[in-house]
1. Going by the structure shown, is Leu320 surrounded by 15 or more Cβ atoms within 10 Å (Cβ to Cβ), touching a residue at least 24 places away in the same chain (Cβ under 8 Å) and either under 22 Å from Asn260 (Cβ atoms) or of a type in the set (Gly, Ala, Ser) (or both)?
2. Quick check on Pro525: is it modelled with pLDDT of 85 or more, farther than 30 Å from Asn359 by Cα and not hydroxyl-bearing (Ser, Thr, Tyr)?
3. Conditions: (1) in contact with a helix residue (DSSP H, G or I) (Cβ under 9 Å, 6 or more places away or on another chain); (2) assigned by TED's automatic domain parsing to the domain that holds Gly268; (3) basic (Lys, Arg). Arg295 meets all but one. Number of the miss?
4. Residues to consider are Ile253, Ile240, Ile257; find the one that is in the same structural domain as Glu224 (by TED's automatic domain parsing) and either within 30 Å of Lys63 (Cα to Cα) or basic (Lys, Arg) (or both).
5. From the list Phe6, Phe83, Phe95, Phe57, which one is farther than 25 Å from Gln199 by Cα, touching a residue at least 40 places away in the same chain (Cβ under 8 Å) and among the aromatic types (Phe, Trp, Tyr)?
6. Looking at Asp49, Asp66, can you tell me which residue is at pLDDT below 95 and either in contact with a helix residue (DSSP H, G or I) (Cβ under 9 Å, 6 or more places away or on another chain) or closer than 21 Å to Ile203 by Cβ (or both)?
7. Within the stretch 53-77, can you find the residues that are loosely packed, with under 15 Cβ neighbours inside 10 Å and within 22 Å of Leu96 (Cα to Cα)?
8. Does the stretch 272-282 include one or more residues that are under 25 Å from the mean Cα position of the chain (by Cα), within 29 Å of Asp123 (Cα to Cα) and at pLDDT 95 or above?
Amino acid sequence: MIRWNFPGNQGGQMKGVADPGIENFNGTELSSLVREICQNSLDAALNEDNPMVCVEFERYFVKEDDIPGICEYRRILKQCSKFWDQSPSEKAKQFLKDALKHAESKSGFVLRISDYNTTGLADPYIEFGDSFKFSFDGWNALVKIDGGANKCGDKAGAYGIGKNAPFSNSYYRLVFYRTLNQKNERAAQGISRLMSFQQDGDIASGVGYYGNPNGNNPVECIEELESINKRTEKGTDVFIYGFKENSEWENNIIVAILENFLISIYNGHLRVRVQNSEINPNTLGSYMEKVHEMRYRETKSTYSNYLCLIRNADVKQYSLNFHGMGTIELKILVDSNEKLDRKILVVRKAGMKLFRLGNISKLVPFSGIMELKGEVLNKYFRSMESVAHDNWEPGRHANPKEAKKYYEEIKEWIRKIVAELAEYTSDDEMEVKGLSGVLQQELDIVEANSSDKKRETLNDYLENIDIIKRPEKNASKGFFFGKGDLGNNESMSTTGTLQSIGEPAIRILKGERKRKKRDSHRGLPDVNGKDIVVQKKSGGESACPLKSVRVIKKNMGVYSVNFEIPHDVELGRIELVSVGENGKLNRIHVKSVSAVDGCKSVKMTGEYIEIKELFAAKKIKIDVQLIDTRDYAMEVNLYEYK
């Protein structure tokens, strides 16, 4: 007899509404379902010589009589509701209220997910008695084992929680499985992951089975499933009853497929049917263009990766034999005419997306794809994956110190490649607007301990400059109030922009307080103010405009600084400035410097990089080593001595 059976927990732990496995997918129910199902199907590919797996997603409208065991299931939901009404858990009460509402409706939706050219699920039946036999793989790993990974080597499933994704897509957590395996065994069974409730003087565990109650085994056939779809080929089916449908469900599945399995489809390992649509290697381009035009946020980076696949003439390819475990293959596209994501897509065996590696270069417009080749290499990094399979966390590895070292080694390898590509990219492509403007100038005023010496030092410096007080009111960021050499704008009384008005000027704090830095500004005058604003007269130094500015990280704390100038400069200094998230600028301290091309000599003089004989006909290149190894967003300023 086929019926529902919820085993008792024999006074053990009770199961609540917040099942950790299901909660893990809340908020990303549909995309997580696509990701988990398709990866399982790829791992179960039947024929390595013909590896293309087919996965179907199809939704059906069903009446209540077509849902297996629905009358008994409604009774169980009511028992749950009665039991949990006594608890203070509002979440449990609300879930059961919604679940009963959908389960008692006269009709609803079921989503069928089927795979083909796969092995199916092995050993679906448990033998009891003296010949007791239990398999930890195949059917039991999906239906009976909770939190146990059933995959090894380089396959997915390191934590065994992906099986919960279908339940997060059901209003009342009801899922049916069916398989036809390589031994031509057929099996079908319903699973419910509800909550503990009182039944027959005991407490039910909360996980129920629809099938043969003897050992909670599956049965060969459930007629309601056959009426929806008959299986004639080897593979596995998942039926999600009470499917949380919405008007965009088809598009959402397509977007999730493109985002997570772009490489699998492109390489011919996967094709997916969604209702009346099919995504395969031949139709991939049209679907990518479609979602790109619709501006789906999820596929913004995916389109960059797609260009990296199809632009063969522009893509650079690299490979690295990684410590004898396997090969890392890297593809990179650099193109300033495209809005590339500046990230590297990391994929595992068969092409499933793991995550995107960022913080590589903020200046080079690139996109890349990195694949791990080899079972040993995939196995090594698989053990570092997070529960959601969307990051590498070295602390999860058996040897976290080595894992962290290897992870950093890969990132540094990629950064060096991107830096080299920047060197050989044309100037027009690498022009970075905003970096060539000179926004600051700083004075090298020695700050003494005594106030008298400080004033004496300042007075010596101010012999050749004009001094005006700064106003009491606060100026907007990017402006200042003070008197300077304003040319024809001297009579104006409003503030001006940094780029358009006035010569560089310095704000100096009055009083005995030591100042940590000296900020440079441009603006219009005001005769009042608590600070002193000083401005150089003719002579001294002036800012030299730069173009084609590039700052390329070559190693930890080592950068290559490249730029061009409009005219030759006999003598001057270079200043590197960091740009904070709030727009605040701070000088970066340099440990050492060396000339590469375009200038006669370069050396450190105090806190500045002093240069001699820069040539406008050449691209100036210098290498700098910073005092620390932090990453900076940099601006480059050049000052010419007159």
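1. Values: surrounded by 15 or more Cβ atoms within 10 Å (Cβ to Cβ): yes; touching a residue at least 24 places away in the same chain (Cβ under 8 Å): yes; either under 22 Å from Asn260 (Cβ atoms) or of a type in the set (Gly, Ala, Ser) (or both): no.
For Leu320, the condition - surrounded by 15 or more Cβ atoms within 10 Å (Cβ to Cβ), touching a residue at least 24 places away in the same chain (Cβ under 8 Å) and either under 22 Å from Asn260 (Cβ atoms) or of a type in the set (Gly, Ala, Ser) (or both) - is not met.
2. no
3. (1)
4. Within the list Ile253, Ile240, Ile257, the selection yields Ile240.
5. Unique residue meeting the criteria: Phe57.
6. One residue alone meets the criteria, Asp66.
7. Looking only at the stretch 53-77, we keep the residues that are loosely packed, with under 15 Cβ neighbours inside 10 Å, and these are 61, 63-65, 71-72, 75.
The answer is Lys63, Glu64, Asp65, Cys71, Glu72, Arg75.
8. For the stretch 272-282, residues under 25 Å from the mean Cα position of the chain (by Cα), within 29 Å of Asp123 (Cα to Cα) and at pLDDT 95 or above: present.
The values are calculated or read from the model by the stated rules, or taken from the named source; none is laboratory data. Quick caveat, the model's predicted, so the values are computed rather than measured. In this analysis, Cβ positions are derived from the backbone assuming ideal geometry, glycine residues included, and neighbour counts consider all displayed protein chains.
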